[in-house]
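Worksheet: one structure, shown below.
The values are calculated or read from the model by the stated rules, or taken from the named source; none is laboratory data. These numbers were taken from a predicted model, which means no experiment stands behind them. Counting neighbours? That spans all protein chains shown, and the Cβs are built from the backbone with ideal geometry, glycine included. We work out accessible area using only protein heavy atoms, side chains counted, and drop any ligands, DNA or RNA first. Shrake-Rupley method; radii C 1.70, N 1.55, O 1.52, S 1.80 Å.
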Amino acid sequence: MGVAVGIDLGTTYSAISILGESGRAEILANREGERITPSVVYFQDDGSVLVGTLAKRSAAVAPLDVVGFVKRQMGNPDWRFDAANGRQFSPEEISALILKRLKEDAELTLGQGAVTDAVITVPAYFDDAKRRATKDAGRIAGLNVLRVLNEPTAAALAYGAESRRDGTILVFDLGGGTFDVTLLTVMNDVYDVKATDGLHELGGKDWDDRLIEWINLQFRHEGGPDLTATFESEADLREKAEAAKRTLSQASSTKVILSGGGVTRSITVSREQFEDLTGDLLNQARDLMISLVEETGLGWAGIDHVLLVGGSTRMPMVARMIEEISGRPALRVGNPDELVALGAGIQAAMEAPAAGTSRPRVIVQDVTSQGLGVAVLAHDGSGRLVNSIVVPRNTKIPAKGSGVFATSADGQTELLVQVTQGDDEDLAFVREIGDQLLTIPPYPKGAPIRVEFAYDIDQMVSIALYDLTADSLLGSFEVDNTANLSDEDIRTAMDNNNDTEVA
Ligand code: ADP
Ligand code: MG
């Protein structure tokens, strides 16, 4: 039998863990001895691939062959990476290369046979297509994906296993590319997620970008050329800016040495300057955290701990802000960039305990991060298209929901079912995650049709439709990976709208 591991497939860094014989989850170091591996891939001319720190360092010398941040593209069918060797790669394929590297390194470290099974974590906000893409990436890498687990839930599992403390926890996860905030309670080994929200385009990279812009400006003021003008000098500047940012988490100021166009300058940045440059970014995270706490009606008095997750929470400004708002210390448990992987390792042992070890006794009760709804358009009518939420956001998973809708025209024989994911009533602000054209018998207008949705434990969606007049199943389908509707599609649909009673 193979080994089951937990994997945090991160936007900027990935990590892999296993529940050890001691009963504690442990990070498995990579072949370079590092506990986290940059999620960066370098496609070399000879067709071979580098993953991790070496790939990240190659960005300045081979910027067109190095790809990172691919997690942001998961579930996007239109995105491909063009490597210089002429080949194209999907986000799933690139993620699979990262997974392959993690898997092989883990096998090397463990020295006990093949890693066959994995729990892979995903941001709580990931929709159906992104979750499927993640599972597919695992499959491409030759892994049996036991589950996809929400990252904040994984972090809470790792925290609970270490601290053995019950209470209400707010998980504040600021990574390299995304921000997630989640509220949950831990009570007698039951992890009960209450609510979750996130900003998908806010992370350490934005802090880097601000610093890059500022340093570049200083360099130009001192007679240097624009370092963002070429890919090579920009990648070099990015590496130096990120290093400076990390230094500023420890030191109150640091120097960056830059060269370009025959000019070499040393530029000093203070932590205070850095915090001024990026304060508004932190405010975005703060505001979302505050609104989640308000939404759940708990208030700060109802929250016992705020747990820091993600490498960017190493910036002192983060804990300071949280302590100001919440009136309690922000908790660090181990390394903030390892917690998610550790929790995934615990979950992996629950799904597939290793021979001779006992299954962790933990119950995880998670929630949906986005509403699930439907718009039914009568093909021969001219109805308004409306998003009707059937399973609201923050519903316990696995979740089921159903709604009854009516046909819009006499004798219509076709029904287009469009499934949406998102919380807005307005179709322009939700994502269409699939559609199906159904054939129905010709009934008078207003014939009832029932739509049934199910979210499975991985938060993936299945749909069934019933003709209530004939009391028969019209069809069932899994959500297919249709891309988002284009703006034009949405506009056309709106024009076609009217009082179609959707369904
Ligand atoms: P992911 O988004 O992939 O989950 P992590 O949680 O590992 O990534 O966070 C990576 C981010 O954390 C990067 O933007 C990195 O620059 C930042 N980071 C790591 N260490 C520090 C530090 N000491 N100070 C400030 N930022 C840091
Ligand atoms: Mg992360």
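Each residue of the stretch 293-301 is assigned a 3J(HN,Hα), and the resulting list reads 5, 5, 4, 7, x, 6, x, 5, 5 Hz, derived from the Karplus form 6.51 cos²θ - 1.76 cosθ + 1.60 (θ = phi - 60°), x at Gly and Pro.
What is the chain's relative contact order, in percent, from Cα pairs under 8 angstrom and six or more apart in sequence?
15 percent
Judged by the gyration tensor of its Cα atoms, with axes a ≥ b ≥ c, the chain is prolate; a/c meets the 1.5 cut and a/b is the larger of a/b and b/c.
Distant-in-sequence amide contacts of Ser253, defined by a placed amide H-H separation under 5 Å and a gap of 5 or more residues or a different chain, comprise Arg271.
Given R0 = 25 Å, the distance between the Cβ atoms of Thr268 and Thr53 translates into a calculated FRET efficiency of 0.35.
Each residue of the stretch 317-334 was assigned a 3J(HN,Hα) from its phi angle through the Karplus expression (A = 6.51, B = -1.76, C = 1.60, θ = phi - 60°), giving 4, 6, 4, 4, 4, 4, 5, 5, 6, 8, x, 9, x, 7, 8, 10, 10, x Hz with x at Gly and Pro. Sorted largest first, the principal axis extents computed over the alpha-carbon atoms of the stretch 147-235 equal 63, 25, 21 Å. Extension gain for Asp78 to Arg359 (0.36 nm times residue separation, less C-alpha to C-alpha distance): 97.0 nm.
Rounded, prolate or oblate for the stretch 257-368? Axes are the square roots of the Cα gyration tensor eigenvalues, ordered a ≥ b ≥ c, and the cut-off for rounded is a/c under 1.5. Oblate, since a/c reaches 1.5 and b/c is not below a/b. Once you have a ≥ b ≥ c as the square roots of the Cα gyration tensor eigenvalues for the stretch 204-275, tell me rounded if a/c is under 1.5, and otherwise prolate or oblate according to whether a/b is larger than b/c. Cα axes put the stretch 204-275 in the prolate bin. Only protein atoms count toward the accessible area here, which uses a 1.4 Å probe; on the chain, the carbon and sulfur part of that area reaches 47 percent. Residue by residue, the stretch 105-113 carries 3J(HN,Hα) couplings of 5, 5, 4, 5, 5, 6, x, 9, x Hz when phi is fed to the Karplus relation 6.51 cos²θ - 1.76 cosθ + 1.60 (θ = phi - 60°); x denotes Gly or Pro.
Mean residue ellipticity at 222 nm, helices only, the chain: -9500 deg cm²/dmol; runs of at least 4 DSSP H residues each add -39,500 (n - 2.57), and the sum is divided by the number of residues. Computed from Cα atoms, the angle from the helix 339-351 axis to the main principal axis of the chain rounds to 50 degrees. Applying 0.36 nm per residue to the separation of Arg165 and Ser472 and subtracting their alpha-carbon distance, the gain on full extension is 105.5 nm.
Relative contact order, percent, of the stretch 380-458 when contacts are C-alpha pairs under 8 Å separated by at least 6 residues?
Rounded, it is 41 percent for the stretch 380-458.
Rounded to whole Å, give me the distance from the Cα center of the stretch 1-72 to that of the stretch 130-165. When both Cα centres are located, 16 Å separates them. Under 5 Å between amide hydrogens, built in the peptide plane, is the criterion, and for Gln370 it picks out Asn394 among residues at least 5 positions away or on other chains.
Residue ranking by accessible heavy-atom surface, 1.4 Å probe, largest first, among Leu258, Leu277 comes out as Leu277, Leu258. Relative to the longest principal axis of the Cα atoms of the chain, helix 231-248 runs at roughly 80 degrees. With each label modelled as a point 7 angstrom along the Cα→C-beta vector, the Asn188-Leu217 pair spans 5.7 nm.
Treating r as the C-beta distance of Gln88 and Glu32 and R0 as 22 Å, the FRET efficiency rounds to 0.15.
Ignoring ligands, DNA and RNA, what accessible area per residue does the chain give at 1.4 Å, in Å²?
On a per-residue basis, the chain sits at 42 Å².
Applying a threshold of 31 Å to the alpha-carbon distances of Lys135/Lys245; Lys194/Lys445; Lys71/Lys194; Lys103/Lys194; Lys396/Lys445 flags Lys135/Lys245; Lys194/Lys445; Lys103/Lys194; Lys396/Lys445 as lying beyond it. May I ask you to derive the relative contact order of the stretch 207-318, considering only C-alpha pairs under 8 Å and at least 6 residues apart, and to give it as an integer percent? Value for the stretch 207-318: 23 percent. What FRET efficiency comes out for Ala464 versus Thr413 if R0 is 30 angstrom and r is the Cβ-Cβ distance? Round to the nearest 0.05. It comes to 0.90. Summary of the geometry: the stretch 402-421 and the stretch 293-363, compared by the centres of their Cα atoms, lie 43 Å apart.
Between Leu307 and Leu170, Val171, Phe172, Leu331, the built amide H atoms are under 5 Å apart, and every one of these is 5 or more places off in sequence or on another chain.
Mind ranking 65-73, 423-431, 102-110 by how tightly packed they are, going by the mean number of other C-beta atoms within 10 angstrom, highest first?
With the highest mean Cβ count within 10 Å placed first, the list reads 65-73, 102-110, 423-431.
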